[in-house]
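Chemist: Before we start, here is the structure in question, set down as structure tokens.
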Amino acid sequence: MNGCLRARGGATATHRARFPALWSLLLTGLVLALAPGAQAAPAPVPSPTPPESAAGAPFGVQAGLYGLTTLTGGHFGYALKAGARIEDSAVVYNESDEARTFHVYGADVTNAAGGGLAPAQEGQRMRGVGAWLKLGSDATVTVRPKSSATIRFSLAVPDGTPPGSYLGSLVTALRTPAVSGRVNTETRIARLVELTVPGTADLQVSLTELEHRPSGGGEEFTVTVRNTGNVLYTFAGTLNVTGGGSARTVPLTPTGIYVIPGGSATLTGRLADLPALGRRAVTASVTATVPGGAAKTVDSNTVRLAYFPWLIAALIAGGLLALGLLLVITRKRRRAWLRRRAEERTALRALRRELRAGNPPADAPHEAQAGGAEHP
């Protein structure tokens with residue numbers, strides 16, 4: 001390859017000797033085109049006030065060895081024995097047109113209430129990786145415009161640390177000062193620090209009782225996943241519904257999020273299209289998976305639901321009761337009427353017998369007079 005380069009160089013020199021003026025012109029134009037001052041300057045743009053500029057200033061953080069190892073995502077991953085120590089670095093990039101001051105610190109990582117992971121706030125007591133991570137310099141660093149700064153840190157695993165997975169984060173914060181009564185804002189970038197202490201992996205998953213409550217014409221189910229082992233894992237869950245002649249599954253959310261050892265996450269699923277009459281059995285099933293490793297599936301208790309149209313049944317029962325009462329009242333009235341009719345008929349027959357015998361009743365004077373006229 002070097003020989004080819006030398007041959008091409010000699011041909012160029014011969015060509016340049018033949019056309020010295022043309023070569024000089026082309027060389028001059030190339031130099032002018034590549035020179036920084038030869039490019040047209042952009043139109044000046046008014047710079048915003050410092051607080052607004054700080055709030056919108058872009059910045060980034062990546063691992064010091066990013067692109068030089070097999071790690072991805074700009075995070076930090078280590079496998080260290082208990083008592084071991086390692087040093088590494090992070091690079092903070094300031095892409096704004098002004099110098100920026102960043103605050104860097106280590107923090108533990110916990111499971112967020114709504115799912116996923118979140119770094120602990122600065123000032124909280126760190127008990128894990130956040131406490132084991134120490135900065136090699138001042139926690140505050142000022143980075144010039146369009147420049148970067150390297151932050152060195154060390155991670156020391158305490159003696160006696162049990163085997164397992166541990167998560168922490170290296171947090172870089174940019175705070176915007178308040179102006180005219182406004183509230184301070186802080187932009188943070190947290191890079192995960194994934195630590196594995198070698199040993200026997202213990203994948204343990206437990207579920208709380210499956211609970212349910214009516215929700216929007218259906219049933220909402222909740223169950224909490226607890227990581228009682230020593231390895232980090234993600235999970236996915238479903239509600240398994242049987243009864244009614246067929247089985248079906250309903251997904252639980254969220255899914256695919258991490259649960260750290262000692263952490264927990266609450267899953268929710270909604271069962272709709274419930275029958276008006278029938279029975280259903282519902283069980284939650286959760287599968288935990290160690291990234292690149294084992295998986296384990298656990299089931300919750302079974303909730304048995306019985307559906308009956310109580311409102312319709314109550315209306316029917318009420319209607320039948322009203323009809324029964326109406327029939328009873330009507331029957332009593334009819335009996336009373338029949339009894340009166342019988343008494344009236346009995347009295348009428350007795351009256352007719354006395355009239356035929358010529359003995360009008362004493363309480364019927366008009367009939368007596370009429371009878372006397374017929375029989376003087």
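Chemist: Let me spell it out: the conditions are (1) in a loop (DSSP other than H, G, I, E, B); (2) open to solvent by less than 70 Å² (accessible area, probe 1.4 Å); (3) among the polar types (S, T, N, Q), and Thr255 meets all of them except one. Which number is the exception?
Modeler: (2)
Chemist: Please find, within segment 115-136, the residue that is modelled with the lowest pLDDT out of those that are out of contact with any His (no Cβ under 9 Å at 6 or more places or on another chain) and open to solvent by 70 Å² or more (accessible area, probe 1.4 Å).
Modeler: Of everything passing the filter in segment 115-136, Gly123 is modelled with the lowest pLDDT.
Chemist: Looking at Thr200, is it assigned to a strand (DSSP E or B), under 24 Å from Pro158 (Cα atoms) and not charged (D, E, K, R)?
Modeler: So Thr200 does not fit the description; no.
Chemist: Is segment 170-177 home to any residue that is open to solvent by 30 Å² or more (accessible area, probe 1.4 Å) and modelled with pLDDT under 90?
Modeler: Yes, segment 170-177 contains at least one residue that is open to solvent by 30 Å² or more (accessible area, probe 1.4 Å) and modelled with pLDDT under 90.
Chemist: Does any residue of segment 322-332 turn out to be assigned to a loop (DSSP other than H, G, I, E, B) and either in contact (Cβ under 8 Å) with a residue 60 or more places away in the chain or of a type outside the set (Asp, Glu) (or both)?
Modeler: There is no residue in segment 322-332 that is assigned to a loop (DSSP other than H, G, I, E, B) and either in contact (Cβ under 8 Å) with a residue 60 or more places away in the chain or of a type outside the set (Asp, Glu) (or both).
Chemist: Inside segment 150-165, can you point out the residues that are open to solvent by 20 Å² or more (accessible area, probe 1.4 Å) and within 15 Å of Asp138 (Cβ to Cβ)?
Modeler: Those that are open to solvent by 20 Å² or more (accessible area, probe 1.4 Å) and within 15 Å of Asp138 (Cβ to Cβ): Thr150, Arg152.
Chemist: If I go through segment 236-250 residue by residue, how many of them are closer than 28 Å to Asp202 by Cβ and open to solvent by 30 Å² or more (accessible area, probe 1.4 Å)?
Modeler: Matching residues across segment 236-250 total 3.
Chemist: Next up: Going through segment 137-158 one residue at a time, which ones are in a loop (DSSP other than H, G, I, E, B) and modelled with pLDDT under 90?
Modeler: Residues satisfying the conditions are Ser137, Asp138, Ala139.
Chemist: Which of the residues that make up segment 93-104 are closer than 21 Å to Lys134 by Cβ and open to solvent by less than 20 Å² (accessible area, probe 1.4 Å)?
Modeler: Phe102, Val104 - these are the residues of segment 93-104 that are closer than 21 Å to Lys134 by Cβ and open to solvent by less than 20 Å² (accessible area, probe 1.4 Å).
Chemist: Could I ask something else about it? Quick check on my filter: what residues within segment 258-274 are open to solvent by 30 Å² or more (accessible area, probe 1.4 Å) and either modelled with pLDDT under 85 or part of a loop (DSSP other than H, G, I, E, B) (or both)?
Modeler: Pro261, Gly262, Ala272, Asp273, Leu274
Chemist: From Ser137, Ser147, which residue is among the polar types (S, T, N, Q), in contact (Cβ under 8 Å) with a residue 12 or more places away in the chain and closer than 18 Å to Ile189 by Cα?
Modeler: Ser147
Chemist: Among (1) at pLDDT 85 or above; (2) under 27 Å from the mean Cα position of the chain (by Cα); (3) not small (Gly, Ala, Ser); (4) not in a strand (DSSP E or B), which single condition is Thr110 missing?
Modeler: Only one criterion is unmet by Thr110, namely (4).
Chemist: Checking Pro58 against (1) at pLDDT 90 or above; (2) open to solvent by 40 Å² or more (accessible area, probe 1.4 Å), which single condition isn't satisfied?
Modeler: Result: Pro58 fails condition (1) only.
Chemist: Which pairs turn up if I take residues in segment 192-207 that are over 15 Å from Pro291 (Cα atoms) and look for partners that are part of a loop (DSSP other than H, G, I, E, B) and among the charged types (D, E, K, R) with beta carbon separation below 8 Å, at least 6 apart in sequence or on another chain?
Modeler: Taking only residues 6 or more apart or on different chains, the pairs are Val197/Lys81; Pro198/Lys81.
Chemist: Leu80 versus (1) buried (at least 17 other Cβ atoms within 10 Å of the Cβ); (2) free of Cβ contacts under 8 Å to residues at least 60 places away in the same chain: which is the lone unmet condition?
Modeler: Here Leu80 clears every test but (2).
The values are calculated or read from the model by the stated rules, or taken from the named source; none is laboratory data. This is a predicted model, so every value here is computed, not measured. Virtual Cβ from ideal backbone geometry, glycine too; neighbours counted across all protein chains shown. The area values use the complete protein model at the heavy-atom level, side chains included, leaving out ligands, DNA and RNA. Shrake-Rupley method; radii C 1.70, N 1.55, O 1.52, S 1.80 Å.
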